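Reviewing the structure listed below.
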Amino acid sequence: MSNTTDFEPTNWKSPEMKARIRRRYRRDRNFRYLGIFAVALASMFLFILIGKIVRDGSMGFMQTSLDLDITFSAEILGDPRAMGAKAFEEKVRQANMIRVIDASLTNYFPDVESRRDRRALLRMVSGGAREQLRNMVLETPAIVGSTKRVRILAADDIDQLRKGKIDGSLPEANRKVKDKELGWYQKLYDDGRVSLNFHTAFFTSGDSRDPELAGIWGATVGSAFTLIVTLLIAFPVGVLTAIYLEEFAPQNRLTDIIEININNLAAVPSIVFGLLGLAVFLGVMHLPRSAPLVGGLTLALMTLPTIIIASRASIKAVPPSIRDAARGLGASPMQVVFHHVVPLAMPGILTGTIIGMAQALGETAPLLMIGMVAFIVDIPGGFSDAATALPVQIFLWADSPERAFVEKTSAAIMVLLAFLISMNGLAIWLRQKFERQW
């Protein structure tokens, strides 16, 4: 009896089969080219975006200064040798430093006589020059009665002129710097009294209405306080929730509903958490408005789903044999989890936490809803002080009409991107350093 079958071997050399193989290879090749094109297109747009930010923001770290011969008149500032230290300090704090600057400019431009022109001449100097000179006198009282060349900040229009953002060749009606101011600037520039320097105050000062005085330190401190509150709340609550759901919670309808809601909360728009913080923390609990404490609580709610999901995935990735071995040696359920499972899952938990914190650092919408959009000049000194955050500071500067705030905005974005890249790089490093292959 012979074995028979209906199977007939495929004729791989037939024209039909060769055509099918060619079509398959062609589809694979086209799909590969399409993927390469998509990656190249995304990279091109990313390059354009980052290039524009760097081009606009690089000048935000620089600031124009004017070198003026300042005469520290004892008539205006008082004589420290004839006065007590406290009386001299009070005299200096009440002194009209505009007169000191005006006298210096009048000596340098003796042909400027009208009151209008002298006011225009004073507008070339930043408003922060008065406080700068006052601090110099308070730090070194011996300079009273002498004349020193002092490098003081130029006003934002002069700064933009030096950086080429204002075209001096345009007609006077089409630029903010008038012809007389352009002539005064040119004289200072020809005499070597105009310089473009790295602006350290951008990293050490708070916000200001004047672009040349505005800095990111206040917003950076506010972001730091906010993230500390977020981490202290979201990390332990998120990790403990993941441990309970993964290791101890019974599999029933209630836990299924909780898991579904956690996954859904991870996709909720961030502004919804801002509305929640506005209603609960401000409306019900009456916590201080525009404070890092409220911002941290709100961002903690937003970050919790991310930490829980990442922690559960890391705990689930620990092999069951680890648990079985611990139980076999007599470990209790708590010892199994906290002595064996959690330490092995900690790299993934930390990675998810850092990614969640990086997301919280870049959020703006929730903080706008709880009032952290206020104009804050002072550096916050605690978790309940009024503060703003770096993303909100960028939002405020982007909405300002002054041209100089454009480069300040891009410079602040560069700082924020540096923080985000550092945090994501730290997450990758932790993953690669501590991850174990099973």
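Only one entry in 118, 55 is among the charged types (D, E, K, R), within 30 Å of residue 409 (Cβ to Cβ) and not in a loop (DSSP other than H, G, I, E, B), namely 55.
Summed over the stretch 221-253, the residues that are open to solvent by 20 Å² or more (accessible area, probe 1.4 Å), in contact (Cβ under 8 Å) with a residue 12 or more places away in the chain and of a type in the set (Ser, Thr, Tyr) give a count of 1. Just one of the listed residues (150, 144) is among the β-branched types (Val, Ile, Thr), under 19 Å from residue 185 (Cα atoms) and touching a helix residue (DSSP H, G or I) at 6+ places or on another chain (Cβ under 8 Å), and it is 150. Out of 376, 413, 394, report the one residue that is touching a Ser or Thr at 6+ places or on another chain (Cβ under 8 Å), in a helix (DSSP H, G or I) and either surrounded by fewer than 18 Cβ atoms within 10 Å (Cβ to Cβ) or among the β-branched types (Val, Ile, Thr) (or both). Sole residue among the options that is touching a Ser or Thr at 6+ places or on another chain (Cβ under 8 Å), in a helix (DSSP H, G or I) and either surrounded by fewer than 18 Cβ atoms within 10 Å (Cβ to Cβ) or among the β-branched types (Val, Ile, Thr) (or both): 394. Restrict the check to the stretch 232-246 and report whether at least one residue is at pLDDT below 90, out of contact with any Lys or Arg (no Cβ under 7 Å at 6 or more places or on another chain), over 22 Å from residue 369 (Cβ atoms) and not aliphatic (A, V, I, L, M). No: the stretch 232-246 contains no residue that is at pLDDT below 90, out of contact with any Lys or Arg (no Cβ under 7 Å at 6 or more places or on another chain), over 22 Å from residue 369 (Cβ atoms) and not aliphatic (A, V, I, L, M). Scanning the stretch 315-352 for residues that are outside any helix (DSSP H, G or I) and open to solvent by 20 Å² or more (accessible area, probe 1.4 Å) gives 317, 319, 329, 330, 331, 332.
Every residue, every condition in (1) under 36 Å from the mean Cα position of the chain (by Cα); (2) surrounded by fewer than 17 Cβ atoms within 10 Å (Cβ to Cβ); (3) on the phi > 0 side of the Ramachandran plot, yes or no:
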site: 60; (1), (2), (3): yes, no, no
site: 63; (1), (2), (3): yes, no, no
site: 81; (1), (2), (3): no, yes, no
site: 88; (1), (2), (3): no, no, no
site: 98; (1), (2), (3): yes, yes, no
site: 106; (1), (2), (3): no, yes, no
site: 113; (1), (2), (3): no, yes, no
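If you filter the stretch 171-191 down to residues that are out of contact with any Leu (no Cβ under 7 Å at 6 or more places or on another chain) and aliphatic (A, V, I, L, M), you find that the one that is farthest from residue 121 (Cα to Cα) is 173.
The values are calculated or read from the model by the stated rules, or taken from the named source; none is laboratory data. Here the structure is a predicted model, which means the values were calculated and not measured. Cβ: placed from backbone, ideal geometry, glycine included. Neighbour counts: every protein chain shown. To get the accessible areas, we keep the full protein, side chains included, count just its heavy atoms, and leave off ligands, DNA and RNA. Shrake-Rupley method; radii C 1.70, N 1.55, O 1.52, S 1.80 Å.
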